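Any read-out appearing in this document is the output of simple, stated calculations on the displayed coordinates, not a laboratory observation. Please read all numbers here as calculations on a predicted model, not as lab measurements. Neighbour counts are summed over all protein chains in view; Cβ atoms, including those assigned to glycine, are modelled from backbone coordinates with ideal geometry.
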């Protein structure tokens, strides 16, 4: 089997360009992350199906991971009227609603050929939480609601990715723009670790671009062997595939290759590049990152999840219950879109 390059790349439009096809064929990325802005990859079911076909054909693999951020609320890449409108996580107050939420999203993802969702968010909201997380976190019972969502995704053949390990909720600034520093002691941080510890058996997790001076004052968690080894793998006990948050964010410094190499050296299994141009994809592919044996073992569990056969026979029933409970699904009322902020900075 051809060696897999341990990264989620991006692509630039509704179909792969010839340059992208050659890049994917040469480097064989583990996966591709789809977006709805800047890299405008999502227009309709049929179009996404065709794009996924392009990606599979270029890599020569049916098991290529196709990922999106479909949390609900303002962080959703599949939007109405083509796709089911889904509420922000903050609106989900019971395990039943969380399960319905994941089930309904799974149907849209499955129809398109998408098999990974970078959700749910398990960060704990605090008074200083940055606007970047507003509406995206459960207000209470994080572990219970997160468990309901994770299990519902897995049952339908969608691999969930819990985020942002080891806990992003105390960050007062947006990592798209700068590096957050969380100045709390380890005893206080246990509250943030708790939901992730409760879901340490999730198949995939995403590490945050945050500095925890109580553990490592010099490096973002993404680039910190100490945070990943002692906290994420140690105290939390997370056993799944560990993916970096998007390395194009301004929280990290250095070239794209340097960021990727440092993240893998620190203990990230896979790099998520983020929403960016073709040349940056090329740069990442030319980095010296490789899939470790440990990462390959964790990846096997992800492949087992996406092989699960979905059952959407209860779709209309679940949809009706969900919509009856959440009467104002489309009233998101959030004025901060971190992805749009980053896009404007690129164009400046």
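Sequence gap at least 6, Cα distance under 8 Å: using those rules, report the relative contact order of the stretch 93-144 to the nearest whole percent.
Across the stretch 93-144, relative contact order equals 40 percent.
Could you work out how far apart the two model spin labels at residue 293 and residue 250 are, taking each label as a point 7 Å from the Cα in the direction of the beta carbon, and quote it in nm?
4.3
At each listed q (0.09, 0.10, 0.11 Å⁻¹), what is the log10 of I(q)/I(0) that the Debye formula gives for the chain modelled as equal alpha-carbon point scatterers?
-0.43, -0.54, -0.66
Could you give the length gained by full extension between residue 185 and residue 144, i.e. 0.36 nm per residue of separation minus their alpha carbon distance, to one decimal place?
12.2 nm
How high is the relative contact order of the chain, given as a whole-number percent (alpha carbon pairs under 8 Å, six or more residues apart)?
Relative CO of the chain lands at 19 percent.
Using the per-residue mean of other Cβ atoms lying within 10 Å as a proxy for protection, in what order, highest first, do the peptides 268-275, 151-158 fall?
Sorting 268-275, 151-158 by mean packing, highest first, produces 268-275, 151-158.
Using only alpha carbon pairs under 8 Å that are at least six residues apart, calculate the relative contact order of the stretch 1-142 and give it in whole percent.
22
Based on the alpha-carbon gyration tensor of the stretch 1-111 and its eigenvalue square roots a ≥ b ≥ c, which shape applies: rounded if a/c is under 1.5, prolate if not and a/b is larger than b/c, or oblate?
Note, shape of the stretch 1-111 comes out prolate.
Looking only at the chain, where both bridge partners belong to it, what percent of the DSSP beta bridges are antiparallel (to the nearest 5)?
Within the chain, antiparallel bridges account for around 10 percent of the total.
What's the extension gain from residue 279 to residue 257 if we count 0.36 nm per residue and subtract their Cα-Cα distance?
Length gained, residue 279 through residue 257: 6.7 nm.
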